[in-house]
């Protein structure tokens, strides 16, 4: 089934450009309904500090700035959606967290897919809120790289496949993309030999299942030979000119990835392409 409800999280006015454009492109492709969401803090954290209570004018100034920013983003969202002729609704939210991603969890759980910009470490404090979307939202999250991308239909997709529950969830959550793409590659890095499959047959069964849905699928196996799996995936994305990477998030322990590194954390920090994660 195609995506019919798309949620785009607009964290800043800059997101009203290529992030919103990506969401509108997808909404149009699947004849879906687009929900735009932006959250602002109900109260600034600094007000809770045990110091002198700010003058009322300080509150009014801050509230005015937030109202102006939210209004400008809403206007830009509505203008673009009307111009592109897509079905839409705008959700401005005030929350105690003031965080767009955490405030979006309820909306995310009622959408088919969530679109959000990749965390930009140099400009933002923490990426944990975006991880919460994947870990707690229960829906696939399409990350748009902050470096920018020419918006257009997804023609080539690469699936990072390791046979895990998370990888399987990501594959089936991305089925509308996979069946619409011109080509799909199942990429297996250092596949394990077990009683269910040999190394040479890794990825063959999921490829066959996708083929039955009409996807044009091939399988590729790579041996890391000491290279990090994330580097191999990124190199393969570049070599194939793929538009989209699909992968399960944290198929290894989240704590282990935090301490020792891993594919999920690396991709969240340095993704060159659209990346769909699911868990």
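Out of the residues in segment 197-215 meeting the condition of being touching a helix residue (DSSP H, G or I) at 6+ places or on another chain (Cβ under 9 Å) and in a loop (DSSP other than H, G, I, E, B), tell me which one is modelled with the lowest pLDDT. Selected residue: 197. The residues of segment 102-116 that are part of a helix (DSSP H, G or I) and in contact with a strand residue (DSSP E or B) (Cβ under 6 Å, 6 or more places away or on another chain), listed by number, are 103, 107, 108. Residues of segment 78-91 that are in contact with a helix residue (DSSP H, G or I) (Cβ under 7 Å, 6 or more places away or on another chain) and over 19 Å from residue 17 (Cβ atoms): 91 alone.
The set of residues in segment 1-20 being crowded, with 17+ Cβ neighbours inside 10 Å and not in a strand (DSSP E or B) consists of 3, 10, 11, 15, 16, 18, 19, 20. Screening 150, 221, 179 for residues that are closer than 15 Å to residue 244 by Cα, in the same structural domain as residue 267 (by TED's automatic domain parsing) and either at pLDDT below 90 or surrounded by fewer than 20 Cβ atoms within 10 Å (Cβ to Cβ) (or both) leaves exactly one candidate, 179. When residues in segment 130-162 are screened for being in a loop (DSSP other than H, G, I, E, B) and either in contact (Cβ under 8 Å) with a residue 60 or more places away in the chain or touching a helix residue (DSSP H, G or I) at 6+ places or on another chain (Cβ under 8 Å) (or both), 15 of them pass. Selection over segment 3-20 of residues that are over 24 Å from residue 94 (Cα atoms) and either assigned by TED's automatic domain parsing to the domain that holds residue 243 or at pLDDT 95 or above (or both) gives a count of 2.
The values are calculated or read from the model by the stated rules, or taken from the named source; none is laboratory data. As the structure is a computational prediction, the values presented were derived from the model and not from experiment. Every residue, glycine as well, gets a Cβ built from its backbone with ideal geometry; the counts of neighbours run over all protein chains shown.
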